[in-house]
1. Yes or no: I89 in a helix (DSSP H, G or I), open to solvent by less than 70 Å² (accessible area, probe 1.4 Å) and modelled with pLDDT of 60 or more?
2. Between residues in region 64-77 that are farther than 13 Å from H121 by Cβ and among the small types (G, A, S) and residues that are surrounded by fewer than 17 Cβ atoms within 10 Å (Cβ to Cβ) and modelled with pLDDT of 95 or more, which pairs lie under 6 Å by C-beta distance while being six or more apart or on different chains?
3. Output the number of residues of region 11-35 satisfying the condition of being part of a helix (DSSP H, G or I) and exposed (fewer than 12 other Cβ atoms within 10 Å of the Cβ).
Amino acid sequence: LTIFLINYQKIIYFLININVSNPINFMIYVLIIFMFFLTPFPTTIIILLNGFIFKEYGFLISYIIIILSSAIIFYFFSKIDKFIIFKKILRYFKDKTKIYNYTKNNYSILLTRFIMPFFFHNVSYGLVKVKFNKFILIIALAEIPVTFALNSIGSALKDFSKETNLSLQNIVTDNNFYVPFLIVIVI
């Protein structure tokens, strides 16, 4: 986490300029973005970058890494209540608020996935002790439209970067850009 905090801009610059056609560089790239998804930093730029670099394969890379990192974060925080201080905080949260009861609902997991940041969503539902299989299934379904839309926007940006006379009107009127953009806005 400290390395990411100190070198956030350098890491993004490195990821943009890496030659992913080499298998070793590809593995380094995937490892770095996987570690990035385990941190509380916004992941939207990485999903866009995957669409920019890999086009339609960027969706698969992003989607798999989102599910794996969500599972790891969720599992880690579901086991953290072994520490006494966390038990007291969770007991207070259960006793004093009715929000705890709503968090067990399938719809709340789905809707909060679109509202809460990725990392904090995984942490909060890990602490609440939602069933692991239920959580993974719901987020796997919830992540499909957002990840696909962001990946499509990144892919469209790559197409636009190749054009010499690019205007804002070209971007706005291209359905490869505005349809995914509207999906993200609606969600």
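1. So I89 fails the test.
2. none
3. Going through region 11-35, the residues part of a helix (DSSP H, G or I) turn out to be 11-17, 23-35.
Subset that is exposed (fewer than 12 other Cβ atoms within 10 Å of the Cβ): 13, 16-17, 23-24, 27, 31.
The number of residues fulfilling the criteria is 7.
The values are calculated or read from the model by the stated rules, or taken from the named source; none is laboratory data. Predicted model only: the values in this text are computed from it and were never measured. Positions of Cβ are backbone-derived with ideal geometry, glycine not excepted, and every protein chain shown enters the neighbour counts. Just so you know, the surface numbers come from the protein's heavy atoms only, side chains and all, with ligands and any DNA or RNA stripped out. Shrake-Rupley method; radii C 1.70, N 1.55, O 1.52, S 1.80 Å.
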